[in-house]
Amino acid sequence: MATKTNTEINGKNYFRIRRVVGHEIVDGKKKPIIKAFYGKSKSQAEKKYQEYIIRQNQLKENTVDSNKPFGEVFKFYIDNVLSVTSKYKNSTKKLYIYVSEKFITAESEFLMRQPINAATSSDIQMAYNRFDVALSTMQTLNKILRGFTKWAMANRYCGDILSAVTIPKKKSKKTSDSEIIVWTDEEIKKIENAMRGNRLRIVFFLGLYAGMRVSEILGLKYSDIYDDVIHIKRQCYYGEMTDPKYNSFRDIPMHPVLKKEFAEHQMWHKKEMKQNKYRTDLVITTPIGTACDYSTIRHKFETIYKHNGIDWKSFHTYRRTFCTNLCKANVPIQIASKLMGHKSVDVTMKFYTLVDMEQQKAAISQL
């Protein structure tokens, strides 16, 4: 007599049972946690369930002290759970770890010192309110703490202390659709002069004359540049080489100014590699030939701005300036959008709208 089964996985038959293995709080309501167990027969599936219950009871007996400080348990979660999970890409994990550690060292000392079993939603809310970051970072932090709270509840550290917390309304540090900040011609000239002899000078030109994202610049290789065209094939995001944002693989013809600067950079780079005895195909590197990171770029540029009386603007401003210049040159919107690697032409359209408004203002001023 054939063994009775009720499901098929990868061409093989199994018997599946579902059992309630616990409860969680979702939006203030208690909901069951249901887990599936599989076996070649119903009795085998039931055996898997019983083994799971035994393991869970053993874990409960060995659970750690719930009087430990919130910060200590949270740090344990970051180091031993978040950093090793296969749920996220390495780049995503690095972002989550960065935001988590920034939250720990920010104005959340009272929360971090609290025994985790005594921490309340009000404590987290106050820490949220004091965390002075952009809305997008707050949303990322909330995702991290949702995962942490679920893990902490499963390990009986605390109850659902996040369900009553609200993400505070914070002003996004990104420019609004109606506010496109670009570099002026005078500022560009100042920066260009200030970067003479600087090993990162080519970064300035790649942003200004190719409109490349800083992650794309960090992932650029010499083998990506041929026939006077830059072929965008990857980005370096939090130290990991991945496909470009929005899969925006594209080809950007080299501007004559950029071509000249790149040739000089390549000569200097070859000389540096020979002196330091390292080999790399990356265009942008550290002095010892390793991949460069965004924090290094940001710090170098901030220092140059400060020492030369230039108001700080994000690196993305070079990309906005490049796109605005395309619009001013009457480049068709479809071509401009393709060169920028925008998700859609709607994103590019706002730059054309800005230029049109400038032309309208100029026309009115002549009346």
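The values are calculated or read from the model by the stated rules, or taken from the named source; none is laboratory data. Keep in mind that what you see is a predicted model, and the values were worked out from it rather than measured. Methodologically, a virtual Cβ is constructed for each residue, glycine included, from the backbone with ideal geometry; neighbour enumeration extends over all protein chains shown. The accessibility values were calculated without ligands, DNA or RNA, using every heavy atom of the protein model including side chains. Shrake-Rupley method; radii C 1.70, N 1.55, O 1.52, S 1.80 Å.
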| message | Suppose we filter Q125, Q56 for residues that are exposed (fewer than 14 other Cβ atoms within 10 Å of the Cβ) and either out of contact with any Cys (no Cβ under 7 Å at 6 or more places or on another chain) or assigned to a helix (DSSP H, G or I) (or both); which single one remains? | response | Q56
| Within the stretch 265-274, can you find the residues that are open to solvent by 90 Å² or more (accessible area, probe 1.4 Å) and without any contact (Cβ under 8 Å) to a residue 24 or more places away in the chain? | M267, K270, K271, K274
| With (1) open to solvent by less than 30 Å² (accessible area, probe 1.4 Å); (2) acidic (D, E); (3) modelled with pLDDT under 95 as the list, and D243 as the residue in question, which single condition is left unmet? | (1)
| request: Please tell me if R298 is in contact with a Gly (Cβ under 9 Å, 6 or more places away or on another chain) and either assigned to a loop (DSSP other than H, G, I, E, B) or surrounded by 13 or more Cβ atoms within 10 Å (Cβ to Cβ) (or both). | output: no
| said: For the stretch 298-321, give me each residue that is at negative phi and small (G, A, S). | reply: S314
| task | Tell me, yes or no, whether the stretch 155-164 has at least one residue that is surrounded by fewer than 15 Cβ atoms within 10 Å (Cβ to Cβ), on the phi > 0 side of the Ramachandran plot and not in a helix (DSSP H, G or I). | result | yes
| Can you pull out the residues in the stretch 42-74 that are of a type in the set (D, E) and modelled with pLDDT under 85? | E61, D65
| said: Among the residues in the stretch 99-113, are any crowded, with 19+ Cβ neighbours inside 10 Å, in contact (Cβ under 8 Å) with a residue 40 or more places away in the chain and in contact with a Pro (Cβ under 7 Å, 6 or more places away or on another chain)? | reply: yes
| For the stretch 128-154, how many residues are modelled with pLDDT of 90 or more and either open to solvent by less than 40 Å² (accessible area, probe 1.4 Å) or closer than 30 Å to I53 by Cβ (or both)? | 15
| remark: Of the residues in the stretch 219-240, those that are out of contact with any helix residue (DSSP H, G or I) (no Cβ under 7 Å at 6 or more places or on another chain), surrounded by fewer than 16 Cβ atoms within 10 Å (Cβ to Cβ) and not aromatic (F, W, Y) come to K221, S223, D227, V229
| From the list I288, I335, I252, which one is of a type outside the set (K, R), more than 22 Å from the chain's Cα centre (by Cα) and surrounded by 12 or more Cβ atoms within 10 Å (Cβ to Cβ)? | I252
| query | So which pairs qualify, if the first residue must be in the stretch 197-208 and within 11 Å of I297 (Cβ to Cβ), the second must be buried (at least 22 other Cβ atoms within 10 Å of the Cβ) and among the hydroxyl-bearing types (S, T, Y), the Cβ gap must be under 6 Å, and the two must be at least 6 apart or on different chains? | reply | G207/Y318
